[in-house]
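Quick notes on the structure that follows.
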Amino acid sequence: MLISPAYAQAAGGAGGGIEAFLPLILIFVVFYFLMIRPQQKRAKEHKKMLEALRRGDNILTSGGILGKVTKVDSDTEVSVEIAKDTVVKVRREMIASVIDKTEPAKGDAAKDGAAEKTEEAGGLKKLFGGKKD
């Protein structure tokens, strides 16, 4: 007698179509804008920093070692002086940040022009809370 009313209250057929996937798509879009896109932006900035690396720059490695670039050996290695008369070779991708940037040579017009463009582009960053000089 109690079984009969239970059958009468059974749920209808399962809904199909795009409505079932809409929450998953929405979660993926939010995940992309909160996680993936900022990580790609940081990777692009890090690559740009490594390309601009030159002799005399003070750097910090991923291992926490501070040093001064003495020679850019190749596209993958840099010689870093970590103490007086102590030079080690470091992989470029292991450089976490550049602490102090050296000024480019006066005769290097191509790099000087690029630096001016970078300063102009950084105007909005300074206005909206970027690094201040």
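The values are calculated or read from the model by the stated rules, or taken from the named source; none is laboratory data. Not measured: the values here are computed from a predicted model. Glycine gets a Cβ as well: all are built from the backbone with ideal geometry, and neighbour counts include every protein chain shown.
Restricting attention to region 1-55, report how many residues are within 30 Å of Thr70 (Cβ to Cβ) and either modelled with pLDDT under 85 or basic (Lys, Arg) (or both).
Residues flagged as within 30 Å of Thr70 (Cβ to Cβ) and either modelled with pLDDT under 85 or basic (Lys, Arg) (or both) within region 1-55 amount to 6.
Note down all Cβ pairs under 9 Å where the first residue falls in region 31-47 and is within 20 Å of Leu60 (Cβ to Cβ), the second is surrounded by 10 or more Cβ atoms within 10 Å (Cβ to Cβ) and among the small types (Gly, Ala, Ser), and they're at least six residues apart or on different chains.
Close Cβ pairs satisfying both conditions: His46/Ala96; His46/Ser97.
Identify, by number, the condition in (1) part of a helix (DSSP H, G or I); (2) surrounded by fewer than 10 Cβ atoms within 10 Å (Cβ to Cβ); (3) at pLDDT below 90; (4) of a type outside the set (D, E, K, R) that Thr118 doesn't meet.
(2)
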